[in-house]
């Protein structure tokens, strides 16, 4: 998937959700992205569906803060999310377990 912008990337997420993996989930992911590809995005997973909005959520289950470029690299599989978090390139607050589930929820990205 060639992505020209992070905004485009987030718009392409909903159809890539593995509905079976997300069947009983109700989670709000907040992405706080900095740098040239920056922006704020809310990804809501509820009952097997995915909704993406721009902006900030009052009470997300998990917040992922990183550079926009790193976000794309992690989701494409070019950068290990775990390694990026351990080296401080990604800051995760809230439910870390939910952050770890992103790869399972969106297996076809990358």
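Here, each number is a calculation from the coordinates, and none is a lab measurement. This structure is a prediction, so every number in the text was calculated from the model and none was measured. Here Cβ is always computed from backbone atoms with ideal geometry, including for glycine, and neighbour counts include all displayed protein chains.
Put a dot 7 Å past the Cα of residue 87, heading toward its Cβ, do the same for residue 12, and the two dots end up 2.4 nm apart. DSSP beta bridges confined to the chain are antiparallel in about 75 percent of cases.
The separation of the stretch 78-110 from the stretch 39-72, counted between C-alpha centres, amounts to 12 Å.
By the count of neighbouring beta-carbon atoms within 10 Å, fewest first, 69, 8 end up ordered 8, 69.
Packing around the peptides 86-98, 34-46, taken as the average count of other Cβ atoms within 10 Å per residue, puts them in this order, highest first: 34-46, 86-98. Extension gain, residue 95 to residue 5, is 29.7 nm, computed as 0.36 nm per intervening residue step minus the present C-alpha separation.
What is the chain's relative contact order, in percent, from Cα pairs under 8 angstrom and six or more apart in sequence? Relative CO of the chain lands at 28 percent.
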